[in-house]
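J.: Take a look at the following structure, please.
The values are calculated or read from the model by the stated rules, or taken from the named source; none is laboratory data. Every value quoted in this text rests on a predicted model; they were computed, and no experiment measured them. All Cβ positions, even for glycine, are placed from backbone atoms using ideal geometry, and neighbour counts span all protein chains on display. Remember, those area values only see protein heavy atoms, side chains included, never the ligands or the DNA or RNA. Shrake-Rupley method; radii C 1.70, N 1.55, O 1.52, S 1.80 Å.
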Amino acid sequence: MGQFVRALGLSAILLATRSLFAAEMGNLSTIQTGESSLTTVTEPKDVARVRIPLRLTRFEPIVVQNAQGTRRMEHKAMAPVPYTLRATINRSNHFYLADWHIETVPMKWEKETRNWQVEIKVYKRYGQEQELEEFIGTHSIQGRLLGSDKLFTLEAQSRQQFNNKRGSPVLLLETGSIAVEKGNVARRTP
């Protein structure tokens with residue numbers, strides 16, 4: 001998308017000032033562009049990453065009717081889905097998991113003791129193309145990192161239930177060793 005915008009901007013400038021260039025209308029072959037204007041920045045390979053095992057259990061509203069015909073709304077827990085987030089240790093990461101947007105924000109990193117604190121922000125995604133988001137809540141995790149110098153696994157246990165404005169459960173987030181170690185691997189989006 002960024003390359004398209006750059007190319008569109010370059011075309012607009014050329015068309016607006018075509019008298020300054022010795023180029024025919026529609027012929028841009030004589031214009032030299034630098035490589036840096038169309039390249040993407042990649043992350044260095046030596047950045048340390050952390051695997052954060054978590055399990056998401058969403059709740060669905062159901063209507064229950066008793067023998068007298070009285071109806072009431074209950075929220076039923078659906079099947080939990082395990083994920084393993086692969087986050088970079090030194091900056092925020094965004095993960096898009098089904099109807100959820102998960103953001104990890106590192107808060108504290110002690111390299112000597114390998115203690116790491118991260119804040120997880122949860123957003124619910126809506127819309128036909130899931131372009132709308134609603135902030136659900138945050139959850140802070142602190143634990144010890146196990147592993148080598150470049151790939152760690154967070155060892156911590158935490159559990160947080162997020163509720164809607166009426167107090168009904170929306171999502172149960174379990175992290176660390178409570179969650180299943182094996183699951184869907186979620187990598188950050190660029």
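J.: For segment 95-153, go through all pairs of different Cα atoms, get the mean of 1/r, take its inverse, and jot down that Kirkwood value in Å.
T.: 13.1 Å
J.: For R86 and Q117 in one chain, what is 0.36 nm times their gap in residues minus the Cα-Cα distance, to one decimal in nm? Let's see the in-between values first.
T.: Numbers: separation 31, 0.36 × 31 = 11.16 nm, distance 1.51 nm.
Difference between extended and current length: 9.7 nm.
J.: Can you pull the one-decimal nm distance between simple spin-label points at L97 and Q65, each 7 Å off the Cα toward Cβ?
T.: Inter-label distance under the simple model: 3.7 nm.
J.: I would also like to ask the following. Keeping the other protein chains in place, figure out the carbon and sulfur percent of the accessible area of segment 66-125, with a 1.4 Å probe.
T.: 47 percent
J.: If packing is taken as the average number of other Cβ atoms within 10 Å across a peptide's residues, how do 64-70, 94-100, 107-113, 143-149 rank, most packed first?
T.: Result, highest mean first: 94-100, 143-149, 107-113, 64-70.
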